[in-house]
Amino acid sequence: MKQILVDLSVLSSLLLVGIFLRKKVKFLQNLYIPASLIAGFIGLLIGPQILGRISPVCLPVSDTLSSWAGQLVNIVLGLSFLGTTSSNKNFGRTALSAVTQGGLIHQTQVLVGLGITMLLMPLYPNLPLCFGLTPVYGFHGGHGTANAAGAALAEAGWADGPAVANTMATAGILSGIIIGMIVINIGVRRGYAKLVAKPQEIPQDIKEGIVPLEKRKPIGMGVTYNDALDPLALQLAFVGIVYGSATLLSKFLVSLHPILSNVPLFACAMICGALLNVIMKKLGLFHYLDKPTLNRISGVALDYLVVSAITTLSLKVFALYTIPLLVVIAAMLVINLAANFYFGWKLFDNDWFERTLTAYGLESGVLATGLMLLRVVDPQYQTSGQESGASSAALIYPISLPYIMFAPALSTVVSPSVMFGVSAAVWVALYVVARIFFWHKERKFSDILFGTSDAPKTH
């Protein structure tokens with residue numbers, strides 16, 4: 001217990017340094033780098049892997065600190081469905097086209113990762129097939145998914161999986177922000193943005209990351225009175241129930257058959273969170289759940305996940321896979337950008353630029369990046385960009401979850417051609433859906449490449 005508190009102190013100190021640097025350093029503000037990401041790099045820099053090599057004094061990084069990310073991801077994903085209602089889901093044309101586009105991008109990332117890995121495997125005999133899955137875990141999934149899938153990769157026998165997946169996630173979020181801002185400046189000048197004639201300056205307080213006193217709002221609702229039980233304690237109790245029941249479910253599955261040990265704990269957490277959500281509704285107790293507070297708990301877990309994951313990122317692993325990592329990341333930067341804007345241009349009706357921009361941020365790590373990019377061209381969220389991005393993030397699970405839950409273990413027992421072929425088949429199926437229901441035949445990709453596109457036509 002003492003070591004946990006020491007680790008908490010270390011990570012908390014790094015987060016405070018991160019938010020301080022975000023507030024004070026213009027370069028970090030202009031790139032909108034999250035404080036948790038800054039904190040993680042600071043921790044890596046002053047930790048034993050870099051500063052520790054030249055100085056006897058460095059950041060104390062315990063052996064337990066590296067396990068934080070793998071545990072926190074169970075909370076992040078376990079709360080995905082807890083407190084949600086069906087009314088939050090929009091199944092209209094905007095949502096369905098966004099999910100179709102998101103599914104195509106997801107599968108494109110899978111195919112690019114697997115394809116390049118299959119080409120590199122003869123040159124690098126120690127390169128496992130599951131290396132090809134890490135780009136989609138990092139770019140589409142972000143650090144949360146990267147750590148969940150990384151743990152599954154480690155359980156499947158590839159110990160370097162978590163470090164490689166986190167490297168991909170870091171590359172994804174940085175590229176999403178930097179390249180996204182470049183795309184905004186080009187797109188606005190060419191008249192693709194619906195509401196602005198030039199990129200909007202994001203307010204300074206948003207750049208700094210500190211909410212002014214007059215703009216601060218409650219982050220949740222108190223369900224209980226303090227003298228009975230602290231409202232936050234109640235929501236944390238639900239988190240504990242999800243985590244505890246997930247642990248029991250995992251042990252139960254293993255008792256049924258040893259092969260079920262491949263089912264990751266985060267998958268059990270998601271199942272238990274969804275089941276608890278249903279039970280609370282059936283018992284008439286759903287109003288005890290406060291979704292905004294649960295979202296904040298999940299956000300806290302994600303921030304600590306990111307800083308712990310990057311602080312403990314193995315530089316030895318990066319050195320071991322330097323060339324494959326650089327090749328795959330370079331390919332992903334190009335393909336992710338091109339595929340998002342190609343399919344966005346072909347599938348989206350009105351607000352195609354805003355929706356595609358949001359999708360690009362989402363497919364580069366997190367929805368927050370997409371919404372940040374959207375804010376530059378749509379400060380008040382007047383277009384359908386926010387709805388489109390949120391719908392894709394919420395409804396993409398049937399496509400993405402199998403790759404997180406089952407693909408790591410399957411990649412060790414099936415041939416590369418089978419893994420690639422199944423993913424290609426899914427891509428083709430999504431492409432057929434896109435062609436039948438959402439395709440704009442009159443739109444040419446060269447139009448947006450060379451700035452000759454007119455206002456998008458609608459059905």
**Item:** Every residue from region 220-263 that is among the β-branched types (V, I, T) and exposed (fewer than 11 other Cβ atoms within 10 Å of the Cβ)
**Value:** I259
**Request:** Looking at (1) buried (at least 20 other Cβ atoms within 10 Å of the Cβ); (2) touching a residue at least 40 places away in the same chain (Cβ under 8 Å), find the lone condition where I38 falls short.
**Result:** (2)
**Message:** For a quick check of your reading of the model, give me the residue pairs whose first member lies in region 313-334 and is surrounded by fewer than 17 Cβ atoms within 10 Å (Cβ to Cβ), whose second is not in a helix (DSSP H, G or I), with beta-carbon atoms closer than 6 Å and at least 6 apart or on different chains.
**Reply:** L315/Q49
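Please tell me if G157 is under 15 Å from the mean Cα position of the chain (by Cα) and more than 18 Å from L362 (Cβ to Cβ). Working first, answer last.
Numbers: under 15 Å from the mean Cα position of the chain (by Cα): no; more than 18 Å from L362 (Cβ to Cβ): yes.
Against the criterion (under 15 Å from the mean Cα position of the chain (by Cα) and more than 18 Å from L362 (Cβ to Cβ)), G157 does not qualify.
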**In region 409-441, residue nearest to G115 (Cα to Cα) [restricted to those that are free of Cβ contacts under 8 Å to residues at least 24 places away in the same chain and not in a helix (DSSP H, G or I)]** = S415
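Just to verify a result, which residue in region 357-375, among those that are β-branched (V, I, T) and touching a residue at least 60 places away in the same chain (Cβ under 8 Å), is surrounded by the most Cβ atoms within 10 Å (Cβ to Cβ)? Give the steps one after another, and end with the answer.
If we filter region 357-375 for residues that are β-branched (V, I, T), which is where we start, we get 358, 366, 369.
Remaining after also requiring touching a residue at least 60 places away in the same chain (Cβ under 8 Å): 366, 369.
Numbers: V366: 24, T369: 26.
The qualifying residue surrounded by the most Cβ atoms within 10 Å (Cβ to Cβ) is T369.
Kindly evaluate L315 against the criterion of being over 21 Å from the mean Cα position of the chain (by Cα) and under 27 Å from G115 (Cα atoms).
Values: over 21 Å from the mean Cα position of the chain (by Cα): yes; under 27 Å from G115 (Cα atoms): yes.
Judged against the criteria, L315 is a match.
Does G370 fit the bill of being within 28 Å of N74 (Cα to Cα) and assigned to a helix (DSSP H, G or I)?
Details: within 28 Å of N74 (Cα to Cα): yes; assigned to a helix (DSSP H, G or I): yes.
When the stated conditions are applied, G370 passes them.
Going through region 376-426 one residue at a time, which ones are charged (D, E, K, R) and surrounded by 19 or more Cβ atoms within 10 Å (Cβ to Cβ)? Break it down into steps so the answer makes sense when it comes.
We begin by selecting, within region 376-426, every residue charged (D, E, K, R); these are 378, 387.
Passing the criteria: only D378.
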**Asked** Which one of V317, V306 is within 20 Å of I19 (Cα to Cα), out of contact with any strand residue (DSSP E or B) (no Cβ under 9 Å at 6 or more places or on another chain) and at pLDDT below 95?
**Response** V306
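Listed residues A163, A151; which is modelled with pLDDT of 85 or more and in contact with a Ser or Thr (Cβ under 9 Å, 6 or more places away or on another chain)? Can you show your working first?
Working: A151 fails: in contact with a Ser or Thr (Cβ under 9 Å, 6 or more places away or on another chain).
That would be A163, the only listed residue that is modelled with pLDDT of 85 or more and in contact with a Ser or Thr (Cβ under 9 Å, 6 or more places away or on another chain).
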**Request:** Test I202 against the criterion of being within 25 Å of K24 (Cβ to Cβ), surrounded by fewer than 16 Cβ atoms within 10 Å (Cβ to Cβ) and either outside the structural domain of K23 (by TED's automatic domain parsing) or aromatic (F, W, Y) (or both), and give yes or no.
**Result:** yes
**Fill in**
Checked region 279-312 for anything of a type in the set (A, V, I, L, M), surrounded by fewer than 21 Cβ atoms within 10 Å (Cβ to Cβ) and within 15 Å of the chain's Cα centre (by Cα); matches are V300
**Request:** Go through F318, F343 for me and flag whichever is within 18 Å of Q101 (Cα to Cα) and not small (G, A, S).
**Result:** F343
**Tally, over region 277-287, of residues that are more than 14 Å from T85 (Cβ to Cβ) and assigned to a helix (DSSP H, G or I)** = 1
**Item:** W68, sole failed condition from (1) of a type in the set (A, V, I, L, M, F, W, C); (2) at pLDDT below 85; (3) in contact with a Ser or Thr (Cβ under 6 Å, 6 or more places away or on another chain)
**Value:** (2)
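The values are calculated or read from the model by the stated rules, or taken from the named source; none is laboratory data. Every value quoted in this text rests on a predicted model; they were computed, and no experiment measured them. Backbone-built Cβ (ideal geometry, glycine too); neighbour counts: all protein chains shown.
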